[in-house]
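Have a look at the structure below, then the notes.
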Amino acid sequence: MPITLQSTVGGFTAEFIGKLPDLEQAMVAHGLEPSQFVISKDWATPATAPFIGPFFYDYTVFIGAEHFTVTEPNDIVFLDYLYKRCIAADEPADAPAQARRRAGLISRVFRWMTQPI
C-alpha cells in the first residue's frame, strides 16, 4: 500500500507523484512500511502578496502517533530530503555488533531526521 498524501494547498506536483514510487521502494528496501506514512502539505506562512503565494511549504510526515515537520520551497526538494533520510545508515559500519541491533521504526525515522544531509 502506498504512502497517503494530504494537502490543503492544491495537492502535490506531477513530478513529485511520478517519483513517489522510488521513495516507497527505498523505504521497503530499508525496512520501512510506506503504508504507515502520511505526508501532509500546508503553507508554511501566509502569503504576503495574494497574487504571488507562499514561498515555502510545511511538509508534515506522520508515522503512527509520531510526526515531524520539514519546511521546504517545493515538493521535489522535500522528496529529496525524505529520500536521503530513508536511505541513511542506522549506525556507523564499525559499531560493535550489539550496537548495530535494529532500532524500532519510529526511533530510526526520528534519528534520521536529526542527521545533517
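Each value in this text was obtained by applying a stated rule to the coordinates, not by laboratory testing. Since this is a predicted model, take the numbers as computed values, not measurements. All Cβ positions, glycine included, derive from the backbone under ideal geometry; neighbour counts span all protein chains shown.
Can you list the HN-Hα couplings for the stretch 64-79, worked out from phi with the Karplus curve (6.51, -1.76, 1.60; θ = phi - 60°), rounded to whole Hz and with x for Gly and Pro?
Those phi angles translate into x, 8, 9, 7, 9, 10, 10, 9, 9, x, 7, 4, 5, 5, 5, 4 Hz.
I want to check the label-to-label distance for Phe56 and Gln25. Put each point 7 Å from Cα in the C-beta direction and report it in nm to one decimal.
The modelled label-to-label distance comes out at 3.2 nm.
By per-residue mean of other Cβ atoms within 10 Å, what is the highest-first order of 27-33, 73-79? Working shown, then result.
Details: 27-33: 14.6, 73-79: 17.0.
Going by the mean number of other Cβ atoms within 10 Å, highest first, we get 73-79, 27-33.
First measure r as the distance between the Cβ atoms of Ala14 and Arg111, then evaluate 1/(1 + (r/R0)^6) with R0 = 35 Å and state the FRET efficiency to the nearest 0.05. Don't jump to the answer; show the numbers that get you there.
Details: r = 32 Å, r/R0 = 0.92.
Plugging the Cβ-Cβ distance into 1/(1 + (r/R0)^6) gives 0.65.
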